[in-house]
1. If the requirement is being at positive phi and under 18 Å from the mean Cα position of the chain (by Cα), which of these qualifies: 73, 150, 101, 61?
2. Of all residues in segment 122-147, which are farther than 18 Å from residue 209 by Cα and more than 22 Å from the chain's Cα centre (by Cα)?
3. Spot the failing condition for residue 105; the list is (1) surrounded by fewer than 17 Cβ atoms within 10 Å (Cβ to Cβ); (2) closer than 30 Å to residue 190 by Cβ; (3) modelled with pLDDT under 95, and only one is missed.
4. If you check 66, 80, which single one turns out to be buried (at least 24 other Cβ atoms within 10 Å of the Cβ), modelled with pLDDT of 95 or more and under 23 Å from residue 189 (Cα atoms)?
5. Go through (1) under 21 Å from the mean Cα position of the chain (by Cα); (2) on the phi < 0 side of the Ramachandran plot one by one and return the number of the condition residue 85 breaks.
6. Looking at 243, 225, 215, which is the one that is more than 20 Å from residue 168 (Cβ to Cβ) and in contact with a strand residue (DSSP E or B) (Cβ under 6 Å, 6 or more places away or on another chain)?
7. Considering only segment 151-269, give the strands (runs of 3 or more DSSP E) lying wholly within it that have at least 2 residues that are in contact with a helix residue (DSSP H, G or I) (Cβ under 6 Å, 6 or more places away or on another chain), touching a residue at least 12 places away in the same chain (Cβ under 8 Å) and closer than 30 Å to residue 19 by Cβ.
8. Run residue 40 past the list (1) closer than 22 Å to residue 115 by Cα; (2) more than 20 Å from the chain's Cα centre (by Cα) and report the number of the one that doesn't hold.
């Protein structure tokens, strides 16, 4: 049995969907009403990282886990790993962040992810680390502004990021969970190119068939917008990460995804075409790996 956490999110949901189409898989979630995954092999375990009894029930009979946590500075990883060891789990595939492997990344969220990775490495469990760059789906945060104004407000619009389609991250996770040889390995995951927000906006305009404008934000303006959703320490981490991107720190294109899956990573143009209805476009073309993902990706830097 494989357990998938984060199944109401953009990557975990796709991992669960792919697995449930062909094998028994269990998902751990707080609110089953938010779960969009369906499949003949799907089981749902209701619980949380704070509830040890629910973790024990969810982990009963589980051999491998896809682990997603989204509480910067929190202790969800430690709680989960303690329960996993007690339940006899063999292998944990952990969703981390590309920035963990970069020496110049020292924001709160990256430091927390490094600590989470260290906890897994020292747990005694077999482990695999997935370190994706920023998700292309993060640009869904622009959807309301695009639909209402045709304008995208963005910080450092000309800075580039080798962002990755979350469906590709999910494909990498499924490979690590279901095929041998991934224990003790780190898989850095990027898209095929480093692309700026201005370039992404042009791709969205092409996909939608209408002009879009980019409005550059100052760091203070961006921080004020993020503060509507996140606590101050997370806002500071996001600004710090954005400044590092503006210095060119997130442009590396890594071949690990192709080595791992045998497929080329999807481009932002492909992602934009597959998700254009989220931005007010016409009916989406069929996605190459199942239904398009439109859920949020959670807090994180890359």
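The values are calculated or read from the model by the stated rules, or taken from the named source; none is laboratory data. Bear in mind the structure is a predicted one, so any value in this text is a computation, not a measurement. When we count neighbours, we look across all protein chains shown, and the Cβ atoms used for this are built from the backbone with ideal geometry, even at glycine.
1. Going through 73, 150, 101, 61 in turn, just one is at positive phi and under 18 Å from the mean Cα position of the chain (by Cα): 73.
2. So the first thing to find is which residues in segment 122-147 are farther than 18 Å from residue 209 by Cα, and the list is 122-138, 141.
122, 123, 124, 125, listed by residue number.
3. Unmet for residue 105, out of (1) surrounded by fewer than 17 Cβ atoms within 10 Å (Cβ to Cβ); (2) closer than 30 Å to residue 190 by Cβ; (3) modelled with pLDDT under 95: (1).
4. 66
5. It is condition (1) that residue 85 fails.
6. Criteria check complete, one pass: 215.
7. Ranges flagged: 185-189.
8. (1)
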